[in-house]
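One structure is given here, and the rest of the page talks about it.
The values are calculated or read from the model by the stated rules, or taken from the named source; none is laboratory data. This one's a predicted model, so the numbers in the text were calculated from it and none came from an experiment. Using ideal geometry, Cβ is built from the backbone for each residue, glycine included, and neighbour counts are taken over all protein chains shown.
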Amino acid sequence: MNIVLDTNVLLVSLSSRSAYHLIYLALQEKAYDLYLTNEILAEYEEQIGLRLGLNRTDLQLIELLNLSNVHKIIPYYYWQLIDADKDDNKFADCAVSCNADYLVTNDRHYDVLATIEFPEITVIKAADFLKILKDLIA
């Protein structure tokens, strides 16, 4: 399963006390493949750093990038599908480039993607992805 995780979902999945921690554990257990770009990685780094500090950020990113099911890609076409928050386009472009099964986010800016026929991007909420993972692992 090819997945793109919006930063908001990655952040809520990191804490072992979070209801969404299974998303990160499933990544570590290689239950799905995570795709990201340099721009996504930079945003992950910035947001983890703001919340957890620099030492934890470095460790978290090293762990993430050392997983064999985490893939860095380079999108060669920029679709500019999201007008509400242009910064979210990096996740949509990554999803198109890697032929993602799901772009997982809790951000409503991505709702516009449901109205676009091409390129098709399936966007789901973190809670729905959690259900998919629980069924997969069970």
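Summary of computed values
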| item | result |
| --- | --- |
| Selection from the stretch 1-54 of residues that are of a type in the set (Ser, Thr, Tyr) and crowded, with 17+ Cβ neighbours inside 10 Å | THR7, SER13, TYR20, TYR24, TYR32, TYR35, THR37, TYR44 |
| Selected residue (criterion: farthest from the chain's Cα centre (by Cα)) from residues of the stretch 107-138 that are surrounded by 17 or more Cβ atoms within 10 Å (Cβ to Cβ) and part of a loop (DSSP other than H, G, I, E, B) | ILE121 |
| Hits in the stretch 91-121 - residues which are farther than 19 Å from VAL12 by Cβ, in contact (Cβ under 8 Å) with a residue 24 or more places away in the chain and charged (D, E, K, R) | ASP93, ASP101 |
| Selected residue (criterion: modelled with the lowest pLDDT) from residues of the stretch 61-95 that are of a type in the set (Val, Ile, Thr) and loosely packed, with under 13 Cβ neighbours inside 10 Å | ILE62 |
| Residues being closer than 21 Å to TYR20 by Cα and crowded, with 18+ Cβ neighbours inside 10 Å - total across the stretch 96-106 | 5 |
| Pairs with Cβ under 8 Å, 6+ apart, first in the stretch 7-23 and in contact (Cβ under 8 Å) with a residue 40 or more places away in the chain, second aromatic (Phe, Trp, Tyr) | THR7/TYR44; VAL9/TYR20; VAL9/PHE129; VAL12/TYR20; SER13/TYR20; SER13/TYR24; LEU14/TYR24; ILE23/PHE129 |
| Filtered residue count, the stretch 53-86, keeping only those that are of a type in the set (A, V, I, L, M, F, W, C), in a loop (DSSP other than H, G, I, E, B) and in contact (Cβ under 8 Å) with a residue 40 or more places away in the chain | 3 |
| Residue list for the stretch 25-43, filter: within 19 Å of TYR77 (Cα to Cα) and assigned to a loop (DSSP other than H, G, I, E, B) | THR37 |
